[in-house]
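Asker: Input: one structure, supplied below.
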Amino acid sequence: MKQIIPEVYVKDARAALDFYEELFDGKVKNLQMSDELKMFKDQKGKVVHAELHINSRCVLYFADVFDERRKKTGNMTLMLHMDSMAEIQRAYDILSQNGKVGMPLQETFWGAYHAIVTDKFGAPWALNFAPKQ
């Protein structure tokens, strides 16, 4: 596994990014807004994904809350960046057993394989594998 990154979901991610960027003296990178994506056409002005780089080893992901399910799982997910397709498939298979799949493992518009699973203990996980291009 490459990295575990907290993914924070909030009501106004743009304002939260500004706040935490100042607090941690960080730098916002890879800001992706809903306006640019067809699949979010009814969700204008929301942050789909953003990275707050605090230093070379500390990164937080942020996104706006898009649906009511987030209220049940809390406002944070652990994002697991995997090293291989075999590793992500294994984690997906194990976490899915007696868990709940929010997004099946699939290739995404950003070129990675991704899944969202809440495990049998109620812990939310996002799995990501980006093949080398």
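Asker: For the chain, what is the accessible area per residue in Å², given a 1.4 Å probe and the full set of protein chains?
Answerer: 63 Å²
Asker: Magnitude of the Cβ-charge dipole of the chain, K/R +1 and D/E -1, about the Cα centre, nearest 20 debye?
Answerer: 260 debye
Asker: Which is the longest stretch in the chain that no exposed loop site breaks, taking sites as chymotrypsin sites (Phe, Trp or Tyr not before Pro) with a DSSP loop state and at most 15 other Cβ atoms within 10 Å?
Answerer: Longest gap between qualifying sites, sites excluded: 1-65.
Asker: What is the helix-to-structure angle for 85-96, meaning the angle in degrees between its Cα long axis and the longest Cα principal axis of the chain, kept from 0 to 90 and rounded to the nearest 10?
Answerer: 90 degrees
Asker: Right, something else. Compute the distance in nm between two label points, each set 7 Å from the Cα along the Cα-to-Cβ direction, one at Phe66 and one at Glu87.
Answerer: 2.6 nm
Asker: Kindly state, to the nearest 0.05, the FRET efficiency for Asn30 paired with Glu107, given R0 = 25 Å and r defined as their beta-carbon distance.
Answerer: The pair Asn30/Glu107 has a calculated efficiency of 0.85.
Asker: Restricting to DSSP H runs of at least four residues, report the calculated mean residue ellipticity at 222 nm for the chain, -39500 (n - 2.57) per run over all residues, nearest 500 deg cm²/dmol.
Answerer: -6500 deg cm²/dmol
Asker: On to the next question. Can you list, bin by bin at 10 Å, the percent of alpha carbon pairs in the chain, starting at 0?
Answerer: Calculated over all Cα pairs of the chain, the distribution is 12, 40, 38, 10, 0 percent.
Asker: Check cross-link reach from Lys2 to the lysines: straight Cα distance under 22 Å, and skip same-chain residues fewer than eight apart.
Answerer: By straight Cα distance, Lys2 reaches Lys27, Lys29, Lys132.
Asker: Right, something else. Relative to the present Cα-Cα distance, how much length would full extension add between Met76 and Asp42 at 0.36 nm per residue of separation?
Answerer: Difference between extended and current length: 9.9 nm.
Asker: Where does region 85-128 land on Rg(C-alpha)/(2.2 N^0.38 Å)?
Answerer: Cα Rg divided by the expected 2.2 N^0.38 Å: 1.06.
The values are calculated or read from the model by the stated rules, or taken from the named source; none is laboratory data. Bear in mind the structure is a predicted one, so any value in this text is a computation, not a measurement. Because the Cβ atoms are built from the backbone with ideal geometry, glycine has one as well, and the counts that use them run over all protein chains shown. Note: accessible area is taken over every heavy atom of the protein model, side chains too, but ligands, DNA and RNA are not part of it. Shrake-Rupley method; radii C 1.70, N 1.55, O 1.52, S 1.80 Å.
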